[in-house]
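Note sheet for the following structure.
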Amino acid sequence: MKVYGEPTRSIRSLDNGTAVEIVDQTLLPYRFEKRVLGDWRDCVEAIRTMRVRGAPLIGITGAWAVVLAVKENPENDALLKAAEVIANARPTAVNLSWAVRRMMSTLLPRDPALRFEAAVKTAEAMTQEDVMTCRAIGEAGMTLISDLYARLRRPVNVLTHCNAGWLATVDYGTALSPIYMAFEQGTPLHVWVDETRPRNQGLLTAWELGQHGVPYTLVADNAGGQLMQQCDVDLVIVGADRITRRGDVANKIGTYLKALAAVDNEVPFYVAAPSSTIDWTLNDGKREIPIENRAASELLVVNGVGSDGETRTVQIAAPEVAVANPAFDVTHNRFVTGIITERGIVKPTDLTAVFADLLPKA
């Protein structure tokens, strides 16, 4: 997608795979800067600190981390140890462990001397696959917006939560991909952007929508229900960090409340995600999906820019305040209208039928 008018991807390889370049998302939306990662530990740090974030992008970063681990030491013991650390950098997004498994299944059968070339080739293929998958998600989901416009004959109002745009993938995004596709086809639309406390990923959504010229309005997290009650939301589209085989969805904290409000106000609630986000080993999301608990500091401080243009961190609560900071919640499949995938829009309960070829072998 575009940044200051230039086509940009969130991650790309450098120097024949010996390093990768990312957009440092901890600096957005105040500063747009890229960062070079030359070591697999740099990739792990980037994942843990959310320099890269979003389930698909975390997965692709993990794939390139394996490449850099092979560059450092292609022998089995070292590679297996590095892969374990990489796969466990963050617990909720299943794309990370999926990507590491795919890389290792390609590399381990090969002679260590031949592994680096194979690793680069596989990671490049996965990177491009992510782009094409997100484009397919956009093509499948854009019809929801265009069909609504044909019926309503006014701009379609879409509400989204967190950031599931191109910043959360290699390009296009998941939840935002249908929005970008519909916008580029000329369908009038407007996006309600939840701020998404405490990490404020909604600010990233607002920034990238603005860069691409898509009309949007930033709102407080708790505004979504009121907007739906006032008939100001026609459609909700969110991303996902993990989806169970029956279609329960883990996504950024606050998603569950949007789903409840959508059901109560008869607003369609869609989840956009690639098949790599589906965890075929899990069924009951509420009981089985691990929920990451993050640092208390994320609630106690905020980042911003002062009148002098300098970025600052400001404490907003007393340091002794007791804090719980779950990063995700789970929405039961009964609240999900459909899941927008690279194979089309699928009912949550139909995932195993549509993706039968991906199910683990018995």
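The values are calculated or read from the model by the stated rules, or taken from the named source; none is laboratory data. Keep in mind it's a predicted model, so treat the numbers as computed, not measured. Note: ideal-geometry Cβ built from the backbone for every residue, glycine included; neighbour counts use all protein chains shown. Side chains included, ligands, DNA and RNA excluded: accessible areas come from the protein's heavy atoms. Shrake-Rupley method; radii C 1.70, N 1.55, O 1.52, S 1.80 Å.
Observations on the structure shown:
- Output for segment 301-337, where each listed residue is small (Gly, Ala, Ser), in contact with a strand residue (DSSP E or B) (Cβ under 9 Å, 6 or more places away or on another chain) and part of a loop (DSSP other than H, G, I, E, B): Gly306, Ala317, Ala324, Ala327
- Among residues that are of a type outside the set (Val, Ile, Thr), under 27 Å from Arg135 (Cα atoms) and without any contact (Cβ under 8 Å) to a residue 24 or more places away in the chain, Glu45 is not included.
- Any chance Val321 is over 17 Å from Ala55 (Cα atoms) and open to solvent by less than 40 Å² (accessible area, probe 1.4 Å): no
- When the residues of segment 236-266 are filtered to those that are farther than 19 Å from Arg287 by Cβ and in contact with a helix residue (DSSP H, G or I) (Cβ under 6 Å, 6 or more places away or on another chain), the one that is most open to solvent (accessible area, probe 1.4 Å) is Val263.
- Meets criteria (free of Cβ contacts under 8 Å to residues at least 12 places away in the same chain, over 30 Å from Lys71 (Cα atoms) and open to solvent by 10 Å² or more (accessible area, probe 1.4 Å)) for Ala150: yes
- Criterion (of a type in the set (Phe, Trp, Tyr) and in contact (Cβ under 8 Å) with a residue 60 or more places away in the chain) met by exactly one of Trp192, Trp166: Trp166
- Filter result for Arg115 (assigned by the TED database to the domain that holds Val70, of a type outside the set (A, V, I, L, M, F, W, C), in contact with a helix residue (DSSP H, G or I) (Cβ under 8 Å, 6 or more places away or on another chain) and outside any helix (DSSP H, G or I)): no
- Test: residue in segment 198-206 that is assigned to a strand (DSSP E or B) and either open to solvent by less than 10 Å² (accessible area, probe 1.4 Å) or aromatic (Phe, Trp, Tyr) (or both): no
- Which numbered condition Asn303 misses (of (1) farther than 18 Å from Val354 by Cβ; (2) at pLDDT 95 or above; (3) open to solvent by 20 Å² or more (accessible area, probe 1.4 Å); (4) not basic (Lys, Arg)): (2)
- Test: residue in segment 179-188 that is closer than 15 Å to Asp234 by Cα and surrounded by fewer than 24 Cβ atoms within 10 Å (Cβ to Cβ): yes
- Taken together, the criteria place Leu260 among residues that are of a type in the set (A, V, I, L, M, F, W, C) and either assigned to a loop (DSSP other than H, G, I, E, B) or farther than 23 Å from Arg53 by Cβ (or both).
- Among the residues making up segment 141-163, a single one is assigned to a helix (DSSP H, G or I) and either under 18 Å from the mean Cα position of the chain (by Cα) or modelled with pLDDT under 95 (or both): Gly141.
- Cβ-Cβ under 7 Å pairs, at least 6 apart or on other chains, segment 91-102 side touching a residue at least 12 places away in the same chain (Cβ under 8 Å), far side among the acidic types (Asp, Glu): Pro91/Glu292; Thr92/Asp241; Thr92/Glu292; Ala93/Asp241; Val94/Asp279
- Identity of the residue in segment 177-189, touching a residue at least 40 places away in the same chain (Cβ under 8 Å) and assigned to a loop (DSSP other than H, G, I, E, B), that ends up farthest from Ile11 (Cα to Cα): Thr187
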